[in-house]
Every structure is written in structure tokens, then in C-alpha cells.
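Below: the structure, in C-alpha cells.
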Amino acid sequence: MVVTQLSTRPRQGEDNSTPTSGEARIRIRDVTLSYGSLQIIGGISLDIAPGETISVIGPSGCGKTTLLRMLAGLARPTSGSVELDGSVLGGPNRSIAIVFQDYGKALLPWRTAAGNVSLALEARGCPGAERPAIIRELLEKIGLGRHADKYPAEMSGGMQQRLQIARCLAQEPKVLLMDEPFGALDAMTRQALQDEVLGLVATTGATMVFVTHDLEEAIYLGDRIICLQPNPGRVGRVVDVRLARPRDQLLTREDHEFLRLRRELYDLIKDDHQ
Amino acid sequence: MKHFSLRKLLLGCGALALFILAWKLVTDAKLVSPIFFPGPERTYAALVKGLSGGAMLSQTLETVQRMLLGWLLASFVGVFLGALIGVSRRARAFIAPTLELLRPLPASAMIPIAIAFLGFSDNMVLVVIAFGALWPMLLATIHGFAAMEPRLYEVSAVLGLSRAQVIWKLALPSAMPMILASLRLGLTISLILAVVGEMLASRQGLGQSILAASRSFRSPDLFAGIVILGAIGLVGSRLLSFAERRLLRWQAVNR
Ligand SMILES: Nc1ncnc2c1ncn2[C@@H]1O[C@H](COP(=O)(O)OP(=O)(O)OP(=O)(O)O)[C@@H](O)[C@H]1O
Ligand SMILES: [Mg+2]
């Protein structure tokens, strides 16, 4: 799963707080969101370039999931707007896939792994004759090749989460939103999935927004890291990650830059929690 | 697992044998006059004679056909209407109170109305069966749709499923456990109403023949009819349980 495709990466190093590029895949403009009188998101602006991977970190309850739901079109901003390729997002859109945090609820328990992936193909009108081959390829890619006929209840948490990712890929999305997708996995599975996802994102050129609690995961995956601050949720810091791609579980994590970033983020988060 | 179900079968047969034995003891001791209450042997003899002689067999088929027709009608209408109402939150809020008002009405209350409109006809009986058996299916479908995991609605929106696809591929399968249970209940109600309808409207069938047997003090025939009714109910419910297990295989692995 080592795929070299640096060309799809955006250039790094410019002033990233006020991006000027006119070709953002996603543009978040002064977005706020309130439930009643309670403001959850308090003015977030951000441009995300095509093919870029953004990691989002922040303390529990700061609005990470809420932000992701707005990007998916599942929640409507109270003010401001989210744009996809220059047009305002009015609701859910087939080219934006989201991997939900609660994978158990997002799968159809009465369909097998293959059937769950098939749902995305049926939705976009893929002809029946073409589906089996696509399904097999996707399941193979995500390491579920031999479990195509299993029902979700017969799969482990990690397998279910992989299945959800496979279904999102079947959507052929331009944007992949991930909400702490590897939260409940052991370290080894987690690292394997991180590499799988990075490889898939690189081959498809998809743009990814990845929410995580894990600082190292945020650094390992991201081109930029957005640190959200709570009450109401807003962007505290944006940190550039200047680490070579493709990344490597051992080499990247031993890199001086990786260790420096980890220190920097740790200090930042510590301040937020005081 | 096979072993376990075999044991359950044996236990069931044992209980049945015990029941027949008790029946025999009560009738042999003449606790109740044999004119009203025949023993198992006389009932069995009447059963064999009725089924081989022809009259009871054709009546049984008549009743089974009536029950199945009414049940199918109720199932299609119930699930279809339930889906229409259940898929929209507004329709649910709008119609649910009316349904709650109508539902507790006993189906027999419908009979005079049905007679007034349709007279003493086969269609009248059919309408009564369908109306009475409709409720479990209708309400189970509505509730099944309402109880669908909200996350799945979001999944369908993100995938861009059409409304028809949401009903057909998400809501119906997710409501299927409730719907299947209600189909079983509906079948029982259909059988009861088929018999009652036949008695009231004097239509060909087991209901009428049981009533006739009772009026002319042919108690073995009466009891033979009751035994057949019990058997119809048992077979129907068994067949549906079997279908249920096949269709809900995905659920069995959950446990
Ligand atoms: N439907 C809702 N109604 C009212 N408040 C809500 C609703 N959904 C979320 N909130 C509030 O919005 C805030 C942000 O929630 P959100 O789920 O986005 O946090 P999060 O950053 O994803 O947290 P975690 O890391 O624990 O998943 C929380 O304080 C939560 O209580
Ligand atoms: Mg969250």
C-alpha cells in the first residue's frame, strides 16, 4: 500500500490562516452554529485545498463532530456557509462521504459486508452487472476480501469500521470526512488502517478531514492540523506538518519534525485544558 | 441446536399426550354428559369420517381459503398504508391519534356495518377479516418505520438514496422483525374472523359446520371441527415462524 503521488498534495508553507488560493475544494466561511441560545460553533473560517488532508483535534465537546456534520451537509450553519468547489452546500451530497464515529449504527445489520458496500453503488445507479467486481476490489483493498458474506454482527469493531470506510469509497467521493474512525482499535490495527487510508486517499486524490483525539495520529496523517478550542468551538491554531510522503510508521514517527510537532501540540492542548 | 429443537418437539408431544389423556379421563368418568362432550376416540372417528367422506374437507378448504385471502389483503393494505404513513414524520403525527382511536374497536363491531353495506355475502366476510387483521400489520409497519435508526436516514441522505430506495432498502428491512411478528398475529385474527363471519353470514366453511353440529347435538362433529381449526392455526403459525427465521437470519447471529 505504498503509493507515491506527491503531485496531488498541496504546496505547504504559505500563510495558512488566510488562504488566498481560488481553487479550494472546501471553503468554510465564518460558520457559526447555535442550538437555541447556546452557541456551539463560534465563527470558523478555513480553506481546504483539493487532495489536502486536514487533521482536527480539540478537547471533548469542543464541536469537532458538529463541524464535520456541517461539512457533510447534515447540520445547517446558523450563519456563514460551507462551499464545495465554489458553490454553497445546501445539504448532503454524494461527493462528500462521512465515516461516522458509531460504526455499529451506520451499517445495515441485515446486509452482508458485500451488501453494505453495494448500497452505495445502488444509490449512484451503478449497473447491477458491474457491482460484484467493484465490491470485491474495494473489500480486498480494505482487507475484508475473505469476509464478504459476513453480517456486521459477525464482525469485530475494526472490521465494521473498515466496512464503513469501504462503503464510503464506493461512493467515489471527492471529500472524505472521518470522525475518530479508529477510536476503539488496538495500536497495531490502528496503524495498519492509518496506512491503508493514506494510500487510498493518495490514489484517489480525495480531500480528507480527519477528527481524532490522538495527537500522533493527527500528525502522522495530516498536511495541516486544526486545533479547535471550546465554548464556543473555534480555531485556536493551525499547524503545518512538513513531513515527507509517503509516510512510514517507523521512520516518520522517529523524524525530528514529528517529535517537535508532538511537543508543540502537547503544550498547546495542555494550555487548553487548564 | 438440532438436538435442542428435537427435545422441544418431544416435550410438546408429551404435553399434547397428557392433555388427550386428561380429556379421556374426564369423559370416561362422565363428569360431563357425553351428548355435549365427546371423548377423544369419538372425536377422532368423526374427524376421520368427515375428512374422508368429503364434506368436512371441502369446508376446511373453504375456511382456509377465506382466511388466507383476508390475511393477504390485510397484509398488503396494512404494510402499504403503514409504509406511506410511517415514512413521513408529519403523516405519523397527523394520523396516529385517529388510528389509536380506531384500533381498540373490536373487529366484531365492524360486522353490522359490513352487513349493512355488503349483505350476507362472501365479500362481507372477507372485508371483516381484512379489516380486523389489518391493525397489527399497519401499526407494526408504522412503528417499525418510526423506530428506524436515525443514523441510517443520514447514511441514506449522504449516499443520495431516493425516497423509494429509502423505503425499500432501509425502512422495510429494518421494520421487518416487527412486521413479521404482526403477520403471525394477523393470521390468527384472520382465522378467528373467518369462523365468526361464516357463522354469522351462513357461508360455507368450518364455522358454519361447527354451528350446525352444535345445534343438532352432533358433538363429535363439533369437536372434530375445533380440532381442525386448532391444526390450521398451528400449521399457519409454524410456517410463518419458519419464514421468519429464514428472513431474519442476520438477526439470529446477533444473539
Ligand atoms: N443536538 C444537540 N443539541 C444541543 N447541543 C448539542 C447537540 N449536539 C451537540 N451538542 C453540544 O455541542 C457541543 C459539541 O458537540 P460535539 O459532538 O461536536 O463535540 P466533539 O468535539 O465531537 O466531542 P467528542 O470529542 O467528545 O466527540 C457539545 O457541548 C454538545 O453538548
Ligand atoms: Mg465527536
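The values are calculated or read from the model by the stated rules, or taken from the named source; none is laboratory data. Treat the numbers as computed from the prediction; the structure is a model and nothing was measured. Here the Cβ positions follow ideal geometry from the backbone for every residue, glycine too, while neighbour counts run over all protein chains shown. Note: accessible area is taken over every heavy atom of the protein model, side chains too, but ligands, DNA and RNA are not part of it. Shrake-Rupley method; radii C 1.70, N 1.55, O 1.52, S 1.80 Å.
Phi-derived couplings, Karplus 6.51 cos²θ - 1.76 cosθ + 1.60 at θ = phi - 60°, listed residue by residue for the stretch A:43-49: x, 10, 10, 6, 10, 10, 7 Hz, with x used for Gly and Pro.
Put a dot 7 Å past the Cα of B:E41, heading toward its Cβ, do the same for A:D271, and the two dots end up 10.0 nm apart. Computed over protein heavy atoms with a 1.4 Å probe, the carbon and sulfur contribution to the accessible area of chain B reaches 72%.
Residues of the stretch B:121-160 that become at least 10 Å² less accessible with every protein chain present than in their own chain isolated, using 1.4 Å: which are they? So the qualifying set is B:E149, B:R151, B:L152, B:E154, B:V155, B:A157, B:V158, B:L159, B:G160. Can you tell me which lysines have their Cα less than 29 Å from the Cα of B:K30? Leave out same-chain residues fewer than eight positions away. Here the lysines satisfying the reach criterion relative to B:K30 are B:K49. 3J(HN,Hα) along the stretch B:195-212, derived from phi through the Karplus expression 6.51 cos²θ - 1.76 cosθ + 1.60 where θ = phi - 60°, amounts to 5, 4, x, 5, 5, 6, 9, 6, 9, 3, x, 4, x, 5, 5, 5, 4, 4 Hz, with x in place of Gly and Pro.
Multiplying the residue separation of B:L18 and B:Q65 by 0.36 nm and removing their Cα-Cα distance gives an extension gain of 13.7 nm.
Can you compute the helix-only [θ] at 222 nm over chain A? Use -39500 (n - 2.57) per DSSP H run of at least 4 residues, normalise by all residues, nearest 500 deg cm²/dmol.
Numbers: 9 runs with 94 residues, N = 274.
Mean residue ellipticity, 222 nm, calculated: -10000 deg cm²/dmol.
In this structure the amide hydrogen of A:G236, modeled in the peptide plane, comes within under 5 Å of the amide hydrogens of A:C227, A:L228, A:Q229, none closer than 5 places in sequence on its chain. Distances between placed amide hydrogens fall under 5 Å for A:T207 paired with A:G51, A:V175, A:L176, all partners being 5 or more residues away or on another chain.
Legend: distances between Cα atoms for A:K150/A:K174; A:K64/A:K141; A:K105/A:K174; A:K150/A:K270; pairs beyond 32 Å are A:K150/A:K270. Apply the a/c threshold of 1.5 to the C-alpha gyration tensor of the protein assembly as shown and tell me whether it is rounded, prolate or oblate. Prolate shape, in that a/c is at least 1.5 and a/b is the bigger ratio.
What percentage of all Cα-Cα pairs in the stretch B:1-69 are separated by more than 20 Å?
Values: 1336 of 2346 pairs.
Percent of Cα pairs beyond 20 Å in the stretch B:1-69: 57.
Buried on complex formation within the stretch A:146-180 (loss of at least 50 square angstrom of accessible surface versus the isolated chain, 1.4 Å probe, ligands and nucleic acids ignored): A:Y151, A:A153. Of the residues A:D179, A:D186, A:D255, the one with the largest accessible area comes first in the ranking A:D186, A:D255, A:D179, computed with a 1.4 Å probe on protein heavy atoms. From the Kirkwood radius over Cα pairs of chain B, Stokes-Einstein at 20 °C and 1.002 mPa s returns a whole-number translational diffusion coefficient of 103 µm²/s.
In this structure the protein assembly as shown gives 50 Å² per residue of accessible area when probed at 1.4 Å with all protein chains present.
With the simple model of a label 7 Å out from the Cα in the direction of the Cβ, A:A187 to A:R245 spans 2.7 nm.
Placing unit charges on each Cβ (+1 for Lys and Arg, -1 for Asp and Glu) gives the protein assembly as shown a dipole about its Cα centre, and among B:L159, B:Q65, A:A218 the Cα reaching farthest toward its positive end belongs to B:Q65.
The B:T98 and B:L118 beta-carbon pair, evaluated with R₀ = 30 Å, returns a calculated FRET efficiency of approximately 0.80.
The label-point distance for B:Q251 and A:D85, in a model that sets each label 7 Å from Cα toward Cβ, rounds to 4.2 nm.
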